[in-house]
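The values are calculated or read from the model by the stated rules, or taken from the named source; none is laboratory data. Fair warning: this is a prediction, and the values are worked out from it, not measured in the lab. All Cβ positions, even for glycine, are placed from backbone atoms using ideal geometry, and neighbour counts span all protein chains on display. Note: accessible area is taken over every heavy atom of the protein model, side chains too, but ligands, DNA and RNA are not part of it. Shrake-Rupley method; radii C 1.70, N 1.55, O 1.52, S 1.80 Å.
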Amino acid sequence: ATVPENWEPLWDDRELRAALMKCCEPPDPDFGKNPFSEEEELPEPSDLVRMLAFSVWANLATCEANRVGMREDPLLRNALVAATDPDRTALLRHRAFLCLSLMAIGGACADPSDDHLPSRPPTPRPCETCGLLPCVCHAGEKVYRNSDMEVCNAWMLGVGKEEPAHIRSGVLGALSSLAASSRANAIKLWGNKQVRQSVVAGAAVAEPGDVRLTALSALESFACCDHVQRRMWDDAGVRDVLLASAATNVYLDAEAGPAAQPRDVRCKAFGALANLATEGLNRAPMWRNRRLSAVVLQTVAAGGALRADALRVLVELTKSFECTGEMAEAGVMDLLAAAAGDAALGADD
């Protein structure tokens, strides 16, 4: 399965697919408890066997043609969701996150939005059929977790702080690519609570550099979508993490004092802010946010490598006629004139 020429033939082999599926089936809590079973039950696969099976799936999912069939296989989707449960071994979870990333890019999370769910679960009531609470109408039946929302939620577990940095950045990097892709619906992706929380948490100041950078890249990708820009700026968590990442200095330790913010982090933050500023309804609130206007004006005035990135934000904000008077009083005209004579800036800038 590591040989590209074998990817499609291996996937087309139905007998092989069935055998692999048997090897990665999730644990059955009722295994061996059926006293009326006439046949001896085959032993369940170990987590090591499951991990090896998912390694094969990951290789096969590298082929774009295979992803179409894989994303629509309910048993494989269920097995991948189960493999991310907290009680599974770390290596098994990591293989599952890799498979989920590849399948998500292939369309396995087409509609993961949970906006339709109430923020508070409704008060439980007795079942109208059996009259019991909880309902036992489907007791003993297997529960399959294979909806787009459940697959996406399992995928986002790979961004959890308990996972290694390379796993977290890999999941966030795949999410960033997916959000920027024409194949994905960024509105439905951003409509998933776990996606929003995972991206904001990954972009926090205290996170490892690679994780933080890929999380900011994901925010920049989502901010390209016209239909989520207003919602993103209205989200206090998104605002705070972007403003903290755009700042000149970062405070990791109160005793140690400020440290210089990495240039690539600030660049990504300014890119996301510039995209959000293309939404007309965002411009006035963004300019009137003192943290944002201050860091943008300071960066443009200071010049240097980030001047062009900050200028993108400032130019978008100048399109708000509501704030032109305030901008003139703040010296924006002089800053733009000075930037226009900066030979270091390209013609487009």
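Observations on the structure shown:
- Distribution of pairwise C-alpha distances over region 95-151, 5 Å bins, in %: 4, 14, 14, 15, 17, 15, 10, 8, 2
- On full extension, the segment bounded by V143 and L281 gains 45.2 nm, given 0.36 nm per residue less the C-alpha separation.
- With R₀ fixed at 41 Å, the C-beta to C-beta distance from S55 to A302 puts the FRET efficiency at about 0.25.
- C-alpha center-to-center spacing [region 69-91, region 285-349] in angstrom: 48 Å
- Every Cα-Cα pair of region 169-348 was included, and the share exceeding 31 Å stands at 15 percent.
- The stretch between A294 and A340 holds 14.6 nm of extra length on full extension. This uses 0.36 nm per residue minus the Cα-Cα distance.
- Compactness check for the chain: Cα Rg over 2.2 N^0.38 Å is 1.22.
- With the convex hull of the Cα atoms taken as the outline of region 265-322, the averaged projected area works out to 3.5 nm².
- More than 20 angstrom apart: percent of Cα pairs within region 126-224: 45 percent
- Gain in span if fully extended, A19 to T62, counting 0.36 nm per residue against the direct Cα distance: 13.5 nm
- Cross-link pairs exceeding 29 Å between alpha carbons, from the set K161/K188; K268/K319; K161/K268; K161/K319: K161/K319.
- Accessible surface of the chain [probe 1.4 Å, protein heavy atoms]: carbon and sulfur percent: 54 percent
- Cα shape, region 63-126, gyration tensor, a/c 1.5 rule: oblate
- Rolling a 1.4 Å probe over the protein heavy atoms gives region 124-277 an accessible area of 49 Å² per residue.
- Relative contact order (%) - criterion: Cα under 8 Å, at least six apart; region: region 169-348: 17 percent
- FRET efficiency, 1/(1 + (r/R0)^6) with R0 41 Å, evaluated for L117 and A260 via beta carbons: 0.45
- Calculated FRET efficiency for the pair R231/E128, C-beta based, R₀ 41 Å, to 0.05: 0.65
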